Amino acid sequence: MIVVLSLDNVDSVLVNSTAAVVVEFYASWCGHCVAFSPVWKSLARDIKEWKPAVDLAAIDCASEGNTQICSRFDVRGYPTLKFFHAYSNANTKGQVFKAYPRDVRGLRRKLIDLMETHKDPWPPACPPLEPASTAEIDNFFKTTNVEHLALIFEITNSYVGREVILDMLHYENLAVRRVLSTEEGLVTKLGVTDFPSCYLYNSSGNFIRLKVQNEARVFYSYALQTLPRVVRAGIPPPTAGDLKENPTLEQERPFNRSRVYMADLESTLYYSLRVELAAHSVFKGEALSALQQYIAVLVKYFPGRPLVMNMLKSVGTWLKDQKDPEVSYSSLKDALDNTAEVPNAALPDKVSWVGCQGSRPHFRGYPCGLWTLFHVLTVQAKEAAKTDPQEVVQALRSYVHNFFGCRECATHFENMAKDSMSQVGTWLTPVMWLWSRHNQVNNRLAGAPSEDPRFPKIQWPSPDQCPSCHGVKTTGEHTWNQDEVLAFLHSHFSSKNLLSDYIEEEAQHLSRQKENLVARQKKHEAKRVAERRARDTVGELLPGQEEVEEEEEEEEEERADEELAAEEEMGQQVKMSEPPPGEKTDAEMPRQPHRKPRMVGLKLRPLEEEIVDLDSFVDQNYKAMALRAAAAMSSHVRTRTLQRQEEPRPGASLDQGPRLGLGLEPVEPEDMLGQHNTLQKRILTGQYTGSEEEGALEMYARSNKRRWMSLLSVGFSKLDVSLCVILYFLSSTCLLAMYLFFKNRLQLRRSKVALP
C-alpha cells in the first residue's frame, strides 16, 4: 500500500515516524513519472510484508496544493525518490536516491542498504539485519522464547538473508538470522557447503537443513511459513480446546489439497443463488443482464451432476422467457425451488465446505468457493474451445460488480478488471488472467484479519503443489513458468480432477425437495382458504380475483332471474282438468327439494321446517266440500248421477253451504281455481244440465267474490295459513331488498376500479 501525501498528513507520516519512509515525488504531466509508476506499485506489492519497518509514499507535485511540500524538500525534478530514516525531525530533507535502478530488485536492494544506515537507537520496528556470530547463536535460546531459529548462510554481497528476515517480520514463534560464509565456527559445525542455504536450529541443539526446490528468497519464505506452530502475529492458531468450547463448529473433514471437491462448487451455488442474490428484491437493467449472463455461463460450463444441470437449464430457460423489464427474487426463488416440478432437477439446499473449509467458521468458505468456481468455469470454457474469450470473465466481472456482498472487494476486482481486461483474448488467456488477478488479491489480503492462519495468503500454486511452475532467474529472482502454470491450471480445475466426496445422494435431494413442495402447497392452500373465509365475512374481493368473482356473481344473478320468472309463470297457470284416474295428485307427488338462493358473499341458513303446500291443502279439505254444496242446491234438475259422490258433512245444509265453504274457512286462490276446474269439467262432460249448470255457475261466482274478501279480512279461523302467506310476502320483500343492495354495491365497486 502506497501512502498518498498531502498538507494534512505529511508531518504525521515523515516526522518522528517509527518506520523508515521512501517517498516518490512526481508530476502527473511527466512522461517518465507515468512510465515509472508501475515499477513503484510493483515494489509496494513486493515488500508489503516489510511493514512497519519501511513504508512507501508518493506525492503529486503538479497539484497546486502540494507545491509548498515539494519546495520544502527541495524537489526540482521528477521523479525524485527520497529516503527518510525512522524518527526523522521536521527539518530533515530526506536522502536522495542517486542513479537508482528502474526495476523492483534493484530498488529493493537499494532500500536495504539505506535501512542499514540507521543509527542507534535501532528502530524497534525493524529486525536486526547485521550478520549473526557464533556466540550469539549459541546463547540464542537462553534470551528468546521462540521455537524455531532459521539460519541463512550466504556470501557477503548476498541480499537473500536480509530479504527473508524482512519477509518473516510478521510471523511469530520463528526468528531468522543471516550468517556469512566467513563465520567459520558455524560453517564448520554444520558442514555448510552451499551458499545460500538454510538450516533450522531448535532449543535441543539440533540442526536440520530446510529442503526447498530452489535456494532463493521466495522458496525460503514459503517453507518457513508452513512450519508447525508458525503463525502470523495477532492470529493465534485454533486449538482442540476451542473446538470443544464451540459446539456449533462442524467436524473437520479430511481433504486432499491437490483435488477440487464438488461439495465446494455446489455450496458456492447455494450461497450465490439463494443467499447473495436474495439481498436484491428486484433485478432490472444492468443487474438483470448480469444475472442472465451468470446463469447462462453456469448452464454452459458448470461441470455439475445431471440433477443440478437440469435445474440450472430450467432456471436459464425461465429467465430467457421473461419479457418484463424487471424480475423479482421471489419469482426467481420459485424457479430455484422447482415449483414447476421439473423432473430430476434440484439445486443444493445447504452449505458443506470441504476443500474451502477454514480453521474458524468466518475463514475461507464462500470467497474460496467463488474463486474455485470461477477457475473451473474458465478452464471448462477453454476446453470447450468457445470463440469469445471474454464470455466467462465478463460474466464473472458483472456478477461481482452487481451482487458480491463485500462491496470493497467488488470495487478492487472491478478496478483490476478495468485496467487489464483488454489483455484477455490477445496475449493473455482468460485462465491466466484470472490466475494473475487471484494472486494479486492474495498479495493484497496477506496479513489481513480475514487471513486464515492455517491457510496463509500465498502466491499460488505453491512450490510443493507445482514445483515446475516456479523458476529462478540468473539474478536469483523468482519467476513464473507461464506454460507450466497454464498446464497446471487446466489439470487442477478439469472435470476429471473433481471429487464427489461429502455430497448428498440425488435421491435424498429429490425426496427433500418433494417434501418442501408439498409443505409449500399446503401452506398456500391454507392461505387461500383463510383469504376466502375473510372475503366471505367482509364481502371484500381480493386483487387478481375480482374478474372471476364478478363473472360468478353475474352467473348467479342470471340463474336467480330465470328461477324467479319460472316461478311466476307456474303461479299464473290455471289447472284446467283433474288428473285422470290412477294418476297421482299434487299432494301425492314427491316433493322437490327447495333450491336455496345463493348470493356472493352471503351464506343462507338451511331451512329448518317445510312450507305448507297450499294447493294440496285446499285440494284435500275444501274442494270436495264446495262441490257437494253446489250439487245440493241444484239437485232438482239433476238428470244423471255424479261419477263420484261424497257424503255431506253432518249439520251442513243448502243455506249453510256457501257460508261453510267460503265464510268460515280461508280459501286460497288455488282452491277456487280448483273448484272452477271441476265445475267446468263437469259442464263440458255433460254431468250437469239445465238449471244445474246455472246453479253451479252462480255458486262459483259467489265463491270467487268471497274468496278475495276472505283474503283481506283478519278474522281467519286458520291463523297458521294466514301467517304463512304473510311470512312468504315478507321473505320475498327481504330477498328483493338484499338483491338490490348487493347489485348497487357491485356497481359502485366497478366504477371505483375503473377510475385511474
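The values are calculated or read from the model by the stated rules, or taken from the named source; none is laboratory data. Given the structure is predicted, the values throughout are model-derived calculations rather than measurements. Reconstructed Cβ throughout: ideal geometry from the backbone, glycine too, with neighbour counts over all protein chains shown.
Of all the residues in segment 172-192, those that are at pLDDT 90 or above, in a strand (DSSP E or B) and within 28 Å of R229 (Cβ to Cβ) number 6.
Of the residues making up segment 478-519, those that are surrounded by fewer than 16 Cβ atoms within 10 Å (Cβ to Cβ), over 22 Å from C368 (Cβ atoms), among the charged types (D, E, K, R) and modelled with pLDDT of 90 or more number 1. For segment 425-440, the candidate set comprises residues that are among the hydrophobic types (A, V, I, L, M, F, W, C) and closer than 17 Å to H490 by Cα; within that set, the residue that is nearest to the chain's Cα centre (by Cα) is L434. With respect to the conditions (1) surrounded by 18 or more Cβ atoms within 10 Å (Cβ to Cβ); (2) without any contact (Cβ under 8 Å) to a residue 60 or more places away in the chain; (3) farther than 23 Å from A263 by Cα; (4) not small (G, A, S), M311 lacks only one, and its number is (3). Of the strands (runs of 3 or more DSSP E) lying entirely inside segment 18-128, none contains at least 3 residues that are among the acidic types (D, E).
Among the residues of segment 471-503, the ones that are within 27 Å of V354 (Cα to Cα), in contact (Cβ under 8 Å) with a residue 12 or more places away in the chain and not aliphatic (A, V, I, L, M) come to 11 in all.
Comparison of P343, P306 shows that the only residue that is closer than 17 Å to A263 by Cα and surrounded by fewer than 16 Cβ atoms within 10 Å (Cβ to Cβ) is P306.
Within the set V529, V538, the sole residue that is on the phi < 0 side of the Ramachandran plot and at pLDDT 85 or above turns out to be V529.
Checked against the criterion of being under 23 Å from S42 (Cα atoms), under 30 Å from the mean Cα position of the chain (by Cα) and of a type outside the set (A, V, I, L, M, F, W, C), the candidates N402, N415, N443 yield just one match: N415.
Filtering segment 118-134 to residues that are modelled with pLDDT of 90 or more and exposed (fewer than 14 other Cβ atoms within 10 Å of the Cβ) leaves only E130.
Please work out if T248 is β-branched (V, I, T), outside the structural domain of S491 (by TED's automatic domain parsing) and either modelled with pLDDT under 95 or surrounded by 17 or more Cβ atoms within 10 Å (Cβ to Cβ) (or both). Spelling it out, T248 is indeed β-branched (V, I, T), outside the structural domain of S491 (by TED's automatic domain parsing) and either modelled with pLDDT under 95 or surrounded by 17 or more Cβ atoms within 10 Å (Cβ to Cβ) (or both).
For V96, state whether it is surrounded by fewer than 17 Cβ atoms within 10 Å (Cβ to Cβ), of a type in the set (A, V, I, L, M, F, W, C) and under 20 Å from V21 (Cα atoms). So V96 passes the test. Among the residues making up segment 415-451, those that are in contact with a helix residue (DSSP H, G or I) (Cβ under 9 Å, 6 or more places away or on another chain) and farther than 25 Å from L486 by Cβ are G447, S450, E451. Can you name every one of the helices (runs of 4 or more DSSP H) wholly within segment 250-338 that holds 2 or more residues which are under 18 Å from I503 (Cα atoms)? Here the list reads 262-270, 306-321.
One line per residue, one yes/no per condition, for (1) more than 48 Å from the chain's Cα centre (by Cα); (2) over 16 Å from R444 (Cβ atoms); (3) not assigned by TED's automatic domain parsing to the domain that holds M168:
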position: Y26; (1), (2), (3): yes, yes, yes
position: G31; (1), (2), (3): yes, yes, yes
position: V34; (1), (2), (3): no, yes, yes
position: S37; (1), (2), (3): no, yes, yes
position: S42; (1), (2), (3): no, no, yes
position: E49; (1), (2), (3): no, no, yes
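Among the residues of segment 1-17, those identified as surrounded by fewer than 16 Cβ atoms within 10 Å (Cβ to Cβ) and either of a type in the set (D, E) or assigned to a helix (DSSP H, G or I) (or both) are D8, D11, S12.
Considering each of K110, K142 in turn, give the residue that is free of Cβ contacts under 8 Å to residues at least 60 places away in the same chain, on the phi < 0 side of the Ramachandran plot and surrounded by fewer than 13 Cβ atoms within 10 Å (Cβ to Cβ). Step by step, each of K110, K142 is checked, and only K142 is free of Cβ contacts under 8 Å to residues at least 60 places away in the same chain, on the phi < 0 side of the Ramachandran plot and surrounded by fewer than 13 Cβ atoms within 10 Å (Cβ to Cβ).
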